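The block underneath contains the structure these notes are about, expressed in structure tokens.
The values are calculated or read from the model by the stated rules, or taken from the named source; none is laboratory data. Remember, it's a predicted structure, so these values are computed and weren't measured experimentally. When we count neighbours, we look across all protein chains shown, and the Cβ atoms used for this are built from the backbone with ideal geometry, even at glycine. Just so you know, the surface numbers come from the protein's heavy atoms only, side chains and all, with ligands and any DNA or RNA stripped out. Shrake-Rupley method; radii C 1.70, N 1.55, O 1.52, S 1.80 Å.
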Amino acid sequence: MGTQKETSVANDLQEQYEDLAAQQIDLRSVMEEKHLKLQADMDKRQAEVLRIVNALKDSVDGFHLHHQARGNASSSIPRDTGPSLTTDSAPLPLTPDYGGRSVCYADGVFDSRFNRYVTVREDQRESGINAITTIVSIDLSSNSNQEPMLLVGGNDFYASPRIDPKGDRMAWIEWGHPNMPWDRSELWVGYISDNGDVQNRICVAGGDPTIVESPTEPLWSSQGELYFVTDRKSGFWNIYKWVESSNEVLPVYSLDAEFTRPLWVFGMKSYDFLKSHDQDTLIACSYRENGKSYLGVLDVNLGKISVLDIPFTDINNITSGVQSLYVEGASAVHPSSIAKVTLDDQRTKVIDFKIMWSSSSVSEMYNSYYSRPELMKFPTDVPGQCAYAYFYPPTNTDFQASHGETPPLLLRSHGGPTAEARGCLNLSIQYWTSRGWAYVDVNYGGSTGYGREYRERLLGSWGIVDVNDCCNCAKFLVDSGRVDGERLCITGSSAGGYTTLAALAFKDVFKAGASLYGIGDLQLLRAETHKFESHYTDNLVGDEKAYFERSPINFVDHFSCPIILFQGLEDKVVSPDQARKIYQALKEKGLPVALVEYEGEQHGFRKAENIKFTLEQQMVFFARLVGHFEVADEVTPVKIDNFD
């Protein structure tokens, strides 16, 4: 009996084991099926994101152009296709290698009519300082690397060559010294001959000396109509249309808002045509109004815009898909991201919003710690005139300030100076607000996003208007009871570093400051800068007397508070000698000062460890000298001369 019982138990165990094994096999099968499906979805999504990124960043920037070909295929591109991105072979050169950085290409488009690539070229072979910029075409049907064919030349700068759908016309933007592209530029159209030359050129916008404008972003519709953005008459960048038959320029939609950004970089795309089954022309566009970005669909025939409800409050680039848009943007709680925006059949409402790619996959975990920016207006020195800023109050769900205590303030002056603080998620700002600091990001006079009149407040007044606006912003916050007037600090990098140094040298508002590769010598900046900005400061500063009187490096004896300086030793824009001269002068004067120099860094720090170190050392420097508190992080401070 005992043996039979043991056998029965053994059989039961065997059956249970077999059932469990079967369940494991079924589970494994299900998991494998889910894994394969998930992998397929991920591959599909990755491919879609790659396509989106390529569409958003469609400019080509490099030493010489390449075509990514499969296997041992030739470098020619089939007539009915454009350059494509693959991953199974090395790139093949399309242009001669002139050695080093002597020739660069950017902002190109494929011309299917002639099987060629049309692009902006910068040629530094004769002069690195005064490079020759042209629009050229690169033959894609030849197996040899031929010299590109010159299409357009003669001016100082070119951008945005765009071919119409039939390949009969090319539009482009050009401008010359002393203008920057946002000061004055011109939109041209040329007719393409049977041999590929650009002939019978017409200046569409910017050629009339009585009209101040800076056209940009030309784009052909599928019907062959030319649209572009310009700021004629109103001073705001709005969308316009060229009527070829009468050579007229007509507004498509007028609004006191900016439908584009200043042309600092190639390949911007602030609007795009939506694919439509009928003949209606629908334009997906972004515009910036009162410190916030909006996404809309513009019906050209009705002259009506439908604002789309999406979480982004800051939008950079747009490209259209099938009944959808892909948008590069951000918000107060979203880092820089790419989102797919699916529209309804009428293209007037959003039915789905999905983040396809994010620069930070974990940022949502800390939403409760984020300080939300408050758009603020404050009075300037001119009666009735206002300037703008984003104020971030200190925020940390784990801590509470002492009763009645107002926080220290860090004010940031942005770079450019023709640029804009945008009010979107910046973890460097949150570093300060989560540790008890108030932070304000100032859009001083001269900033973009508020129209030409506001932008031109800085002409001839760099070092005055920006400095006054930053000081007035800080004093406004003190008078409002939001910050501690005895703990005001200022920081900035590059042009923002110049405003920082000028505020510390010529004003007595801030108690300490930090300059990150800040400009101390305006005369030296003008002498050593690159071609694009070689006349930029002439418009912003003025005559030789102004260059001298507004350079903080000439008035180092005026500094009266602690300063920490951060400088890359390979900086070609602001030489390390400028920071060293200021450091030495403050050291001899007996003021607390520190200088941090980075090997291998240029104008703008790139190494993560240096970016982190710079942020931490600013915090420790201000805490020790102005804040009068110990930082929560374990940070070893750098030596402060005349203090340690």
Phi-based couplings in Hz for region 220-231 (Karplus 6.51, -1.76, 1.60; Gly and Pro marked x): 8, 7, 5, 8, x, 9, 9, 10, 6, 10, 8, 10
Under 16 Å from a point placed 7 Å out from the Cα of Glu570 along the Cα-to-Cβ direction: which residues of region 584-614 have their backbone N that close? 597-611
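Per residue, how much accessible area does region 576-644 show when a 1.4 Å probe rolls over the protein heavy atoms, in square angstrom?
Accessible surface, normalised per residue, equals 54 Å².
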Taking the Cβ of Ser331 as the centre, find all other residues whose Cβ is under 11 Å away and add up their charges (Lys, Arg: +1; Asp, Glu: -1). +2
Using alpha-carbon positions, the gyration tensor of region 601-644 gives root eigenvalues a ≥ b ≥ c; with a/c under 1.5 called rounded, otherwise prolate if a/b exceeds b/c, else oblate, the class is prolate
Under a point spin-label approximation (7 Å from Cα along Cα-to-Cβ), what is the Val265-Asn143 distance to one decimal in nm? 3.9 nm
Say R0 is 22 Å: what FRET efficiency, to the nearest 0.05, do Glu549 and Lys377 get from their beta-carbon distance? 0.15
Using DSSP H assignments, which helices in the chain have an axial alpha-carbon span of 30 Å or above and a mean Kyte-Doolittle hydropathy of 0.0 or higher? none
What is the magnitude of the charge dipole of region 492-606 about its Cα centre, with +1 placed on the Cβ of each Lys and Arg, -1 on the Cβ of each Asp and Glu, and no other charges, expressed in debye to the nearest 20? 280 debye
Before rounding to the nearest 500, sum -39500 (n - 2.57) across all DSSP H runs of length at least 4 in the chain and divide by the residue total; then give [θ] at 222 nm in deg cm²/dmol. -7000 deg cm²/dmol
Label 7 Å along Cα→Cβ of Lys581; region 497-526 residues with amide nitrogen under 19 Å? 497-507, 515-526
What is the distance in Å between the Cα centres of region 264-308 and region 453-484? 33 Å
For region 150-164, Karplus couplings with θ = phi - 60° (6.51, -1.76, 1.60), whole Hz, Gly/Pro x: 6, 10, 9, x, x, 9, 6, 9, 9, 7, 6, x, 9, 9, 6
With at most 10 other Cβ atoms within 10 Å, longest stretch of the chain clear of loop trypsin sites (Lys or Arg not before Pro) (DSSP): 71-638
Residues whose modelled amide H sits under 5 Å from the amide H of Phe157, counting only those 5 or more places away in sequence or on another chain, are Trp175
Once you have a ≥ b ≥ c as the square roots of the Cα gyration tensor eigenvalues for region 395-496, tell me rounded if a/c is under 1.5, and otherwise prolate or oblate according to whether a/b is larger than b/c. prolate
Cβ-placed point charges (K, R +1; D, E -1), dipole of region 279-430 about Cα centre in debye, nearest 20: 120 debye
Simple SL model, points at 7 angstrom along Cα→Cβ for Arg201 and Val322; separation in nm is 4.1 nm
Which of Gly492, Val541, Ala339 sits closest to the plus end of the dipole of the chain, meaning its Cα is farthest towards the positive end, when Lys and Arg get +1 and Asp and Glu get -1 on the C-beta? Val541
Dipole check, region 152-252, charges on Cβ (K,R +1; D,E -1), about Cα centroid: among Leu219, Ile173, Trp237 the Cα furthest to the positive pole belongs to Trp237
With r as the distance between the Cβ atoms of Ile611 and Glu528 and R0 = 30 Å, compute the FRET efficiency 1/(1 + (r/R0)^6) and round to 0.05. 0.75
Size of region 361-455 along its principal axes in angstrom, Cα-based, largest extent first? 44, 37, 17
Starting from the Cα gyration tensor of the chain, take the square roots of the eigenvalues, sort them a ≥ b ≥ c, and report rounded, prolate or oblate (rounded when a/c is under 1.5, otherwise prolate if a/b is larger than b/c, else oblate). oblate
Taking 7 Å along the Cα-to-C-beta vector as the label spot, tell me the Thr348-Gln400 distance in nanometres, rounded to one decimal. 4.9 nm
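At a 1.4 Å probe radius, carbon and sulfur cover how many percent of the accessible area of the chain?
The value for the chain is 51 percent carbon and sulfur by accessible area.
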What's the extension gain from Lys166 to His558 if we count 0.36 nm per residue and subtract their Cα-Cα distance? 134.8 nm
Extension reserve of the Glu289-Glu453 stretch, reckoned as 0.36 nm per residue once the Cα distance is removed: 57.6 nm
Suppose R0 equals 35 Å. What FRET efficiency, 1/(1 + (r/R0)^6) with r the Cβ-Cβ distance, do Asp97 and Asp538 give to the nearest 0.05? 0.45
Under 20 Å from a point placed 7 Å out from the Cα of Glu364 along the Cα-to-Cβ direction: which residues of region 416-447 have their backbone N that close? 424-427
Give me the dipole magnitude in Debye, nearest 20, for the chain about the Cα centre, with unit charges on the beta carbon: positive for Lys and Arg, negative for Asp and Glu. 660 debye
Given the Cα-Cα distance of Arg125 and Lys233 and 0.36 nm per residue of separation, how much length would full extension add, in nm? 34.8 nm
